[in-house]
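The values are calculated or read from the model by the stated rules, or taken from the named source; none is laboratory data. All values reported here derive from a predicted model rather than from experimental measurement. As a convention, Cβ positions derive from the backbone with ideal geometry for all residues, glycine included, and neighbour counts pool all protein chains shown. Just the protein is used for accessible areas: all its heavy atoms, side chains included, with ligands, DNA and RNA removed. Shrake-Rupley method; radii C 1.70, N 1.55, O 1.52, S 1.80 Å.
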Amino acid sequence: MTEQRLHPRGKPLRTDVNPVRLLMCKIDGKDISAREDETILSVARQNGINIPTLCHLDGLSERGACRLCIVEVKGAPRLLPSCVTLVRQDMEVTTNSERVTAYRRKILELLFTERNHVCSVCVSNGQCELQALSVELGMSHVHFDYIYPRHSIDATHSRFSVDHNRCVLCARCIRVCDEVEGAHVMDVMGRGITAKVITDLSQPWGDSETCTGCGKCVHVCPTGALSEKGKSVAEMTKRRQFLPYLQLMRKEGQK
Amino acid sequence: MNDNIKKTTPNGWTIENNGWALQDFEEQAAASSGKVKVATVWLDGCSGCHMSFLDIDEKIIGLADLIEIVYSPLVDIKQFPGGVDVTLVEGAVSSDEDEEKIHEIRNGTNLLISFGDCAVTANVPAMRNQFKVDDVLTRAYVENATFNQQIPRFGVPRLLKKARPVHEIVNVDLFLPGCPPPSDAIYYVLGELLEGRIPDPKGKTRFGA
Ligand code: SF4
Ligand code: SF4
Ligand code: SF4
Ligand code: FES
């Protein structure tokens, strides 16, 4: 049984009878050849060009949730998220113009103002992708007023807890639970600033009958939002090696 | 206020120039004792940033030849003097007293540095911001107190509705995040300023460091 693989825009992938075309594009002035079913992000990374990302994780489907991977494409009036935009013939991409970096900074600053990030007392201090991005993008402070919203912590699960104060709504947990574990325990409830990750039908995680307790969500979470119980400040190390490994094993198993 | 020139250092950390000029330090130093006037202030913070400052250890002796600490919890002066070249502010702005002070400090300072996460993000002091001030005080002084349960109302500063980062109240020229900023980062920033260069603390500190 071969499941039909889809590329990020949902179109069926080309097959042997309908092979993938190669094309030429330009990223940061560099001439690059790419497959037509690849995203700008993936092509850039293969060619040693770094684009910052937060919601993207190798091994999961793309969501386009964080917008940190935006790039400038010649002829396009708005900035495009490179993790969900496919390359095209003769496309000219700029990954680090002043306009792009300024918007990235703003997006990152807004992520910090929307929830309560207190790195100094966070389980993920020193191990957090959001915190690392603040260094990478040179964010020494935020230019917007902090919102200081009131958020809860759900520690009802016997081994894990979720602290919504630290969540960036990247949906990695939701995707890994659905696509890899196959349990689909998590989802997003609400919209915009009131959006929140929930377990089951917004029931306490500890009462969930669908959660297998695999811990995959905890380890893909880029921030301190999901953690193992018993971890203190800066102790929560995330181990993601399982993901590419599992994907590879499953691909082999399908043959 | 002064014209707001934005400078971006080679590594991308922005420094908002609110009209200060680096050569001022040398001029002022020449005009007065020959030393750059530095103040350090402790608002709503734990004093950890000041401890990290002292952790510069023996290098602080070299600094002492070039700077004069004109106001600080470390020295015995009660009134902020004004005409200060560089002021390091630790802590968030949390009370009416902090607010009054920070305006006075801004007016009397050439270059104002937000010193540490509490000053830069409001950090731990802001964890109370999710709750009403009265609820916080009741929790601390009534519910969790064994003896003498009462909320102190006299002779203490009144808490503002929210603890705020310094730059939400006054203009800040330079940001040095970290909880606390490592002493090497502090030494680097002061050293660069004394050399007449704009410090670029990227990679030397971060939030929560
Ligand atoms: S989740 Fe990351 S950015 Fe947020 S408080 Fe924790 S360490 Fe800091
Ligand atoms: S522990 Fe596993 S099954 Fe439970 S929510 Fe996380 S990913 Fe899903
Ligand atoms: S809990 Fe973690 S993985 Fe899930 S959406 Fe929030 S930040 Fe992302
Ligand atoms: S990485 Fe592309 S939108 Fe998040």
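Using a 1.4 angstrom probe with every protein chain in place, what is the largest-first accessible-area order of A:Ile147, B:Ile105, B:Ile169, A:Ile193?
These residues rank, largest area first, as A:Ile193, A:Ile147, B:Ile169, B:Ile105.
Dipole of chain A (Lys/Arg Cβ +1, Asp/Glu Cβ -1, origin at the Cα centre): which of A:Asn96, A:Ile32, A:Leu243 lies farthest to the positive side?
Positive-end residue among those listed: A:Ile32.
Let me see the pair-distance distribution of the range B:35-181: every alpha carbon pair, 5 Å bin width, integer percents in order.
2, 10, 17, 21, 19, 13, 9, 5, 3, 1, 0
Largest first and in whole Å, what are the equivalent-ellipsoid semi-axes of the range A:117-254 based on the Cα gyration tensor, each being the root of 5 times an eigenvalue? Mind dumping the intermediate values first?
On the way: eigenvalues 127, 73, 44 Å².
Square roots of five times the eigenvalues give 25, 19, 15 Å.
For chain A, modelled as a Gaussian network with Cα springs under 10 Å, which listed residue fluctuates most, A:Leu23, A:Leu60, A:Leu80?
Answer for the Gaussian network model of chain A: A:Leu23.
Relative contact order of the range A:22-96, please, whole-number percent, based on alpha carbon pairs below 8 angstrom and at least 6 residues apart. Provide the component values of the computation, followed by the final result.
On the way: 138 pairs, mean separation 30.5, N = 75.
Over the range A:22-96, the number comes to 41 percent.
Let me make sure I get this right: for the range B:102-172, a, b and c are the square roots of the gyration tensor eigenvalues over alpha carbons, sorted descending. Under 1.5 in a/c it's rounded, otherwise prolate if a/b > b/c, else oblate. Which is it?
On the way: a/c = 3.13, a/b = 2.10, b/c = 1.49.
Verdict is prolate for the range B:102-172.
Give me the three principal axis extents of the range A:22-96 from the C-alpha atoms, as integers in angstrom, largest value leading.
27, 26, 19
Taking a temperature of 4 °C and a viscosity of 1.567 mPa s, what whole-number D in µm²/s does Stokes-Einstein yield for the range A:9-149 with Rh from Kirkwood over alpha carbon pairs?
D, rounded to a whole number, is 78 µm²/s.
To the nearest 20 debye, what charge dipole does the protein assembly as shown have about its Cα centre, counting +1 at the Cβ of each Lys and Arg and -1 at the Cβ of each Asp and Glu?
Computed charge dipole of the protein assembly as shown: roughly 1820 debye.
Could you tell me which of A:Val176, B:Thr146, B:Ile102 has its Cα farthest along the dipole of the protein assembly as shown towards the positive end, charges placed at Cβ (Lys, Arg +1; Asp, Glu -1), taken about the Cα centre?
Farthest along the dipole direction, towards plus: A:Val176.
What percent antiparallel are the DSSP beta bridges of the range B:35-181, to the nearest 5?
So the antiparallel bridges in the range B:35-181 amount to around 15 percent.
Angle, helix A:242-254 long axis vs. longest principal axis of chain A, Cα atoms, 0 to 90°, nearest 10?
The angle comes out near 60 degrees.
Using alpha-carbon pairs under 8 Å, 6+ residues apart, how would you state the relative contact order of chain A in percent?
Values: 430 pairs, mean separation 43.8, N = 255.
Computed value for chain A: 17 percent relative contact order.
In whole Hz, what ³J(HN,Hα) sequence does the range A:111-118 give by Karplus (6.51, -1.76, 1.60; θ = phi - 60°), x for Gly and Pro?
4, 6, 7, 6, 10, 10, 9, 10
In whole Hz and in residue order, list the ³J(HN,Hα) couplings for the range B:105-119 that follow from phi through the Karplus curve 6.51 cos²θ - 1.76 cosθ + 1.60, θ = phi - 60°; x for Gly and Pro.
5, 4, 5, x, 10, 6, 10, 9, 10, 6, 10, x, 4, 4, 6
Just want the answer: with Cβ charges of +1 for Lys and Arg and -1 for Asp and Glu, which residue in B:Gly82, B:Leu54, B:Ile67 is farthest toward the dipole's positive end in the range B:35-181?
Result: B:Gly82, furthest along the dipole toward the positive end.
Could you order B:Tyr187, A:Tyr148 so the one with the most accessible surface comes first? Probe is 1.4 Å.
B:Tyr187, A:Tyr148
Counting only protein heavy atoms and using a 1.4 Å probe, what share of the accessible area of the range A:5-137 belongs to carbon plus sulfur, as a whole percent?
49 percent
Rounded to the nearest 20 debye, what is the charge dipole size of the range A:11-170 about its Cα centre when +1 sits on each Lys and Arg Cβ and -1 on each Asp and Glu Cβ? Show your work: numbers first, answer last.
On the way: 20 positive and 19 negative charges, 44 e Å.
The calculation lands at about 220 debye.
So how much accessible surface do A and B hide from each other in total, probe 1.4 Å, in square angstrom to the nearest 100?
Roughly 2200 Å² of accessible surface disappears when A and B pair.
In the range A:117-254, how many lysine pairs have Cα atoms under 20 Å apart, counting only pairs 8 or more places apart or on different chains?
6
Using +1 on the beta carbon of Lys and Arg, -1 on that of Asp and Glu, and nothing else charged, what's the dipole of the range B:35-181 about the Cα centre, debye to 20?
Computed charge dipole of the range B:35-181: roughly 420 debye.
Let me check against my output: what whole-number percent is the relative contact order of the range B:35-181, with C-alpha pairs under 8 Å and at least 6 apart?
Result for the range B:35-181 is 30 percent.
Could you give log10 I(q)/I(0) at q = 0.10, 0.13, 0.14, 0.17 Å⁻¹ for chain A, computed by the Debye formula over C-alpha point scatterers of equal weight, without solvent?
So the normalised log intensities work out to -0.55, -0.92, -1.05, -1.39.
Along the range A:46-58, what does the Karplus equation 6.51 cos²θ - 1.76 cosθ + 1.60 (θ = phi - 60°) give for ³J(HN,Hα), rounded to whole Hz, x for Gly and Pro?
Once θ is set to phi - 60°, the couplings for the range A:46-58 become 4, 9, x, 9, 8, 10, x, 9, 10, 7, 5, 9, 4 Hz.
Give the Cα extents of the protein assembly as shown along the principal axes, in whole Å, largest first.
Cα extents, longest axis first: 84, 60, 40 Å.
Keeping all protein chains in place, calculate the accessible area per residue for the protein assembly as shown (probe 1.4 angstrom), answer in Å². Please list the in-between numbers first.
Numbers: 23250 Å² over 464 residues.
Here the per-residue accessible area is 50 Å².
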